[in-house]
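This report refers to the structure that appears directly beneath it.
The values are calculated or read from the model by the stated rules, or taken from the named source; none is laboratory data. Note that the structure is a prediction, hence the values are computed from the model and not measured. Quick reminder, even Gly has a Cβ in these numbers, built from the backbone with ideal geometry, and neighbours come from all protein chains shown.
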Amino acid sequence: MNVASVPVENSTSETTDTSLPGNRPWLLLTAAVDARNGVGCLFSRSEREKQYIHSFRHFLRFFGKNQDLCKGIVFCENSGADLAPFKLLVPFELTDRVEFISLSPDPFRPEMGKSWNEMLTIDTALEQTQKIGADELFVKVTGRYPVLNLRTVFRNVCKTPDAVHMQFFPMMPMQGVSRNGRPPLADTRCIAIRRSVWKTDFEGKYETTIVNKIHFEHVAFQVWKEHREDNRFGFMKEAPLILGKQGSTMRIRGLAVPKTLEPLFLLARRMVHVSAFRKWEKQGCPV
């Protein structure tokens, strides 16, 4: 499917909603246009740039129609790529609400993998941003993947109490709540979190992903586990519907899934996660 043609949820009938408590988040998009053949990277630089541009168009359309839900966009790129093609896409009337951050590529280490580099990117982006306030909420989305129901995600975040600290959607295993003795994964491709909470609970933890051989998703779930009695840490009511091809080959029992079939398997896996999550909720979220 051509990402550029993906429709944004219809929002023309709800441009203003006075019932929302003013808990509007920023949209933080993380990007690595040039992955330099890093761990699990299957796409060339030019392919990745096209994917990011298509997705960025999608996010701009969402923001343009939903400024009652979203304060603005912060686009952070960590491989030193030219951001001119992205800046040209921003309509003049939105330029003061869209911030571009181009990080020095020196700290970017493709051999360390996605989790290490993405957590480092968020750390650095929050150090440099002039938009996201010290205690403001942001929804972090991996910039290469369009989120088809982003309006629903933002509405649910906006309707939660102003004191919300973190929301994510757990990617539950098919059986039980643990896999090989490890906690369930949290889907960090789309996660809502306050900047102050990132600073206290996530900042600098990218190193632990290598030392402890875990992923960003494990770190997020552990943070929730530590704060599980605090209702300001919770779960998104609706699963983010994420479109896009994974950067690494999907495998089932050691067999590579053809790229042409991958979207079907992504959908099937998402349905399994949603079903397992609902069952886990009914059981009282045991850990």
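Which of the following residues is at pLDDT 95 or above and farther than 21 Å from A220 by Cβ: L103, L60?
On the way: L103 fails: at pLDDT 95 or above.
Of the residues listed, the single one that is at pLDDT 95 or above and farther than 21 Å from A220 by Cβ is L60.
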Kindly indicate the residue of the range 188-235 that is surrounded by fewer than 16 Cβ atoms within 10 Å (Cβ to Cβ) and among the aliphatic types (A, V, I, L, M) and also farthest from the chain's Cα centre (by Cα) among those meeting that condition.
-> V211
Failed condition for T129, given (1) surrounded by 21 or more Cβ atoms within 10 Å (Cβ to Cβ); (2) within 21 Å of Q67 (Cα to Cα); (3) modelled with pLDDT of 85 or more; (4) not basic (K, R) | (1)
Would you check which residues across the range 229-240 are modelled with pLDDT of 80 or more and in contact with a strand residue (DSSP E or B) (Cβ under 9 Å, 6 or more places away or on another chain) and list them?
-> R232, F233, G234, F235, M236, P240
State whether the residues of the range 65-80 include one that is closer than 18 Å to T124 by Cβ and among the aromatic types (F, W, Y).
-> yes
For H54, all conditions in the list (1) modelled with pLDDT under 85; (2) in a helix (DSSP H, G or I) hold save one; what is the number of the exception?
-> (1)
Taking only the range 133-167 into account, find how many residues are of a type in the set (S, T, N, Q), within 23 Å of E229 (Cα to Cα) and at pLDDT 85 or above.
-> 2
Considering the range 43-76 alone, what residues qualify as being among the charged types (D, E, K, R), touching a residue at least 60 places away in the same chain (Cβ under 8 Å) and within 16 Å of T30 (Cβ to Cβ)?
-> R48
